[in-house]
Structure formats: structure tokens, C-alpha cells
Amino acid sequence: MSTHNPSKRPLTPKTNENLDAVARFTVNALVQIEARRNMPFQRVRFRILICPLFILLAIGCKDSTSSPGSAAAPASAEIASDPSGVTIALDASPREVAQVALQAIEAGNKDALRSLVAVKKVTQDIEAITRDRAAFQGMVANAIPTAVSAIMLEINGLDVEGREIDQESITDDTAMVTVKGMRAGQAQTRRFFLVKEDSQWRLVPSHR
């Protein structure tokens, strides 16, 4: 039996195209299925966002720009630090957190991005979706890597050149920061979603 491990192959432009196609197909299928079940919009949106990422985790995709030696994203203030090298003010605004996250994504530094994720909230959401079913325990175990990949997938929908933090909106303990940029020659936007966790703004894949 072959011992070849496809997860070790670097991610190529062609692979990126294939993964984008898989994600688009999955999203379209889920929209139709969930619409027929009359599921509330918030739950549909969250499931649509995470399902393509479960596919990516299952096939073992790996960002070719990520490496153990990747430089950590610069931070807004040396107050709160993380083993990944990220330092950021404890009272950093959603916009400031998004700026650090954007720099981490552009550097391909998943460890830095992971340090900005709302671990408790993401884990709770995945557990609620899987309902503690044994068949989905792997998804629960990979909740944080899945969230990191989902956030990167959202922002990487824009061309690397010209990405810029735009508007910030805050509602109680949730926030959204818009990133503007280009995609195939067209002006587009993507979003960072944040929640207050332990009195700090942290990233989530979506507002569920």
C-alpha cells in the first residue's frame, strides 16, 4: 500500500482553483437544502461558512506560505503577548484586532491568527452544531484550526495587493470590520467578525 501523504503537498494555484470550486459548489448546495428546511438565516450562514472548511480539513490542505519560522504580525501595543509572538493592547478595538489579523493573513502566519480567535465561542458553536455526536468529534477537536482557515478563506477572497481595513461597526458585544480590495479587477469587500471574550475583542468565522 502506498504511504504517500497528499497533505504534505504544497498548495498550488491550480489547487486553489479546485478548492474554490469545491467551496462554491458546497455553498450553493447548502443554500438550496437549508432554504427548503426553512432554517433561520443566521444558522444557514454559519453552516455555509464552516462546511467548505470541513472539506478543506478533510483533504488536508496546507497553506504553502505557512511555516514554523514565519514572522509574527506586528502589533498595536506590547501589552498582551502570545507564544506566537503577537502582542496587542488588552483594550484593542475591533479595527485594531482586524489590522493585526490582516497582517497575519498576508504573512501566512496561522499561529498569529489563531491567537486572535475567540476560542470559547468558536468551540461552543461547533459543539452546538455537532450536538456531541460521536461521528463529529473530529470536527470539535479541530474547531480552532477550522475557524482560522475560515477567516483566512474569507479575506483571501480579495487579491493580496490593495487590501485595506475600511469600516468598523459595533453592536453590544459583537463587531464587524470591513476589508476593501479587488478581486479579478472588480472592487469588493470582505469582513472580519468579532465578539467580546474575556473583555477582549476576538475573531470568529461568523456571527451565528
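The values are calculated or read from the model by the stated rules, or taken from the named source; none is laboratory data. Note that the coordinates shown come from a computational prediction; the quantities given were computed from them, not determined experimentally. Cβ atoms come from the backbone with ideal geometry, glycine included; neighbour counts cover every protein chain shown.
All of (1) closer than 19 Å to residue 201 by Cβ; (2) β-branched (Val, Ile, Thr); (3) more than 16 Å from the chain's Cα centre (by Cα) hold for residue 129 with one exception: (1). Which condition number does residue 149 fail, the rest of (1) in a strand (DSSP E or B); (2) touching a helix residue (DSSP H, G or I) at 6+ places or on another chain (Cβ under 7 Å) being met? That leaves (1) as the condition not met.
Report every pair of residues separated by at least 6 positions or lying on different chains whose Cβ atoms are under 6 Å apart, first residue within segment 108-130 and modelled with pLDDT under 95, second basic (Lys, Arg). From segment 108-130, the pairs are 125/208. A single member of 200, 167 is of a type outside the set (Phe, Trp, Tyr), free of Cβ contacts under 8 Å to residues at least 24 places away in the same chain and closer than 28 Å to residue 90 by Cβ, and it is 167. Quick one: in segment 92-131, which of the residues that are outside any helix (DSSP H, G or I) and among the hydroxyl-bearing types (Ser, Thr, Tyr) is surrounded by the fewest Cβ atoms within 10 Å (Cβ to Cβ)? Here the residue is 93.
Does at least one position in segment 182-194 carry a residue that is surrounded by 15 or more Cβ atoms within 10 Å (Cβ to Cβ), assigned to a strand (DSSP E or B), within 18 Å of the chain's Cα centre (by Cα) and among the β-branched types (Val, Ile, Thr)? No: zero hits. Applying the criterion of being hydroxyl-bearing (Ser, Thr, Tyr) and within 18 Å of the chain's Cα centre (by Cα) to the residues of segment 132-178, the residue that is surrounded by the most Cβ atoms within 10 Å (Cβ to Cβ) is 149.
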